[in-house]
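The values are calculated or read from the model by the stated rules, or taken from the named source; none is laboratory data. Model, not experiment: these values are computed from the prediction. Cβ atoms come from the backbone with ideal geometry, glycine included; neighbour counts cover every protein chain shown. Side chains included, ligands, DNA and RNA excluded: accessible areas come from the protein's heavy atoms. Shrake-Rupley method; radii C 1.70, N 1.55, O 1.52, S 1.80 Å.
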Amino acid sequence: MEFYTIINAVLLVLAGLLCFRKPSRNKNLVYVLLAFSMLFVLMAFRKGIGHDYNMYAVGFRNMVSTGWETLSYKDWEVGFVLFTKLLGMIPGMDYQWYMIILSVIAMLPAAIFIYRASEMPWLSTILYVNLFLYFMDMNFLRQMIAVSLMMLAWLFMKRNKFIWYVIVIVAASFFHQTILLMLPVYFLVKMKPGIKELLIYGFFLLWFYTASANLFDLVMNFYHEEYRESVFIVEGVSFIYAILPLFLTVTSFILVKLGTINLTNENKYLINLTFIGTLMMVTMSRHSIIERMSYYFIIFMILLAPVIFRSLKTRGIHYTTANEKTIDWTSDKARTILAVTFLIVVLALSYVHFYYGLNENAHGVKIYETWVKLPWA
């Protein structure tokens, strides 16, 4: 656990040196390059890190050894099997090089996504680690590719290019079928977020939370029946994982109502994606399997937090109550206090998320090991 504390400290110190004062695109680029280079090295040269690491190492050997006689392996998607077999044709390819290549596929899209899409790349990078997107990359290798492709799909979602969006999602489904969930989401994110909508969403969340057991039982009649009565269905994870998403959702809805957040299409989509992700993360306190779906939405939560910070910093809060009382927190000092307070709360909740999960050995990463022979080891 101390190892990951050092990693987190390095990310924060780098942010302090490069991004806190007079941030610029060039400084953001340097930060992202340094941060993700470090994360890539740790991921690429890990040994046995991730609950599914050994399963994929064995799977690589088995898929390569069978050649092209079959494109099926376990219940894994055909795209992943085909991809693995193609890599197996490269001379000298073993499972360690295989993991290095998969690490490139995980880290490079994430770095580009954060640099181009985030208003504060340093904050999004820390949330990328603290909300376990990074650890998911080390564990759910097939889904990691699907999540990376979802980062590409975001480009088409925010530009309203539905056909291209569908093409990317369908292509990603050949690596992990859960991403097909994002097809109807394309339409759901277009609803305007507001207090009335929040109440409707809240009612839907309550219904979904209470009815989820019956819904899963219905789905298991024709899809992945082997999961019926498994721990993934009958047991959940801690509600602690839903606290930061809930905070971001409620805060964003309130600030839209107050006029603090400029409700562009992109911001509207981010808020709705965060809300749907929050629904997932609340419900996974009953059914841990929903964690699988939540990662497609967490990638947008790490973009929304900087939007809220910038909105508070540049606009503050100005609101007239029903009894004509005016709340005016738009001075330079008030805006700074609001933004910094929000930032502190977000970081604090993210570290709670991080250390609670790490203590539970979420994704099987608690004790870091590498196959590289270090001179001092």
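Taking amide H as placed 1.01 Å from N in the peptide plane, Trp76 has no amide H partner under 5 Å among residues 5 or more places away or on another chain. Taking a quarter of the surface of the Cα convex hull of segment 249-377 gives a mean projected area of 12.1 nm². Accessible surface ranking for Glu360, Glu324, Glu77, Glu266, 1.4 angstrom probe, highest first: Glu324, Glu360, Glu266, Glu77. In whole percents, the pair-distance distribution calculated for the chain from its alpha-carbon pairs, binned every 20 Å from zero, is 26, 58, 14, 1. Structural descriptor for segment 311-375: relative contact order 22 percent, calculated from alpha carbon pairs under 8 angstrom and at least 6 residues apart. Straight-line reach from Lys22: taking Cα to Cα under 20 Å and skipping same-chain neighbours fewer than 8 places apart, the lysines in range are Lys313, Lys333.
Scanning residues 5 or more positions from His318 or on other chains, those with amide H under 5 Å from its amide H are Trp329, with H placed 1.01 Å from N in the peptide plane. Within the shell of other residues whose beta carbon sits under 11 angstrom from the beta carbon of Val147, the net charge comes to +1, with Lys and Arg scored +1 and Asp and Glu -1. Counting protein heavy atoms only, the chain has 66 percent of its accessible area on carbon and sulfur, 1.4 angstrom probe. Extension gain for Ile100-Thr321 works out to 73.9 nm (0.36 nm per residue, less the C-alpha to C-alpha distance). Any chance you could tell me what percent of the C-alpha pair distances in segment 60-173 go past 24 Å? Percent of Cα pairs beyond 24 Å in segment 60-173: 35.
Peptide packing: for 245-253, 329-337, the average count of neighbouring Cβ atoms within 10 Å per residue gives the ranking 245-253, 329-337, highest mean first. For the chain, with the dipole built from +1 on Lys and Arg beta-carbon atoms and -1 on Asp and Glu ones, taken about the Cα centre, which of Leu273, Ile367, His318 lies farthest toward the positive end? Among Leu273, Ile367, His318, the one farthest towards the positive end of the dipole of the chain is His318.
Relative to the Cα centre, the charge distribution of the chain, modelled as +1 at Lys and Arg Cβ and -1 at Asp and Glu Cβ, gives a dipole magnitude of about 1460 debye. In the elastic network of the chain, a GNM with C-alpha springs shorter than 10 Å, the most mobile of Val147, Val185, Val32 is Val185. Quick one: grab the alpha carbon gyration tensor of segment 12-63, order the square roots of its eigenvalues as a ≥ b ≥ c, and give me rounded if a/c is under 1.5, else prolate or oblate depending on whether a/b is larger than b/c. Prolate shape, in that a/c is at least 1.5 and a/b is the bigger ratio.
Accessible area per residue for the chain is 47 Å², calculated with a 1.4 Å probe on protein heavy atoms, without ligands, DNA or RNA.
Accessible area of Tyr356 (1.4 Å probe, protein heavy atoms only, ligands and nucleic acids ignored): about 80 Å².
Within the shell of other residues whose beta carbon sits under 14 angstrom from the beta carbon of Tyr31, the net charge comes to +4, with Lys and Arg scored +1 and Asp and Glu -1.
Working note: Karplus 6.51/-1.76/1.60 with θ = phi - 60° gives segment 299-310 the couplings 4, 8, 4, 6, 8, 5, 4, x, 4, 5, 4, 4 Hz, where Gly and Pro are set to x. Rounded to the nearest 10 square angstrom, Tyr351 shows an accessible area of 50 square angstrom against a 1.4 Å probe.
Relative to the dominant Cα principal axis of the chain, helix 141-158 is inclined by about 40°. Placing unit charges on each Cβ (+1 for Lys and Arg, -1 for Asp and Glu) gives the chain a dipole about its Cα centre, and among Asn8, Phe135, Met284 the Cα reaching farthest toward its positive end belongs to Asn8. Rounded to the nearest whole Hz, the Karplus-based 3J(HN,Hα) values (6.51 cos²θ - 1.76 cosθ + 1.60, θ = phi - 60°) of segment 38-43 follow the sequence 5, 5, 5, 4, 5, 6, with x at glycine and proline. Convex hull of alpha carbon positions in segment 1-119: directionally averaged projected area 9.2 nm².
Here the Gaussian network model covers the chain, with springs between Cα atoms less than 10 Å apart; of Ile327, Ile167, Ile101, Ile327 fluctuates the most. Structural size metrics of segment 78-129, computed from C-alpha coordinates, are Rg and Dmax of 14.8, 42 Å.
Counting only protein chain heavy atoms and rolling a 1.4 Å probe, the accessible areas of Glu369, Glu69 rank, largest first, as Glu69, Glu369. For segment 1-79, with the dipole built from +1 on Lys and Arg beta-carbon atoms and -1 on Asp and Glu ones, taken about the Cα centre, which of Val32, Val78, Cys19 lies farthest toward the positive end? Sorting the options by dipole projection puts first Cys19.
For the options Met136, Met301, Met55, a Gaussian network treatment of the chain with springs between C-alpha atoms closer than 10 Å singles out Met55 as fluctuating the most.
Amide H contacts under 5 Å for Thr370: Lys47, restricted to partners 5 or more places along the chain or on a different chain, H placed in the peptide plane at 1.01 Å from N.
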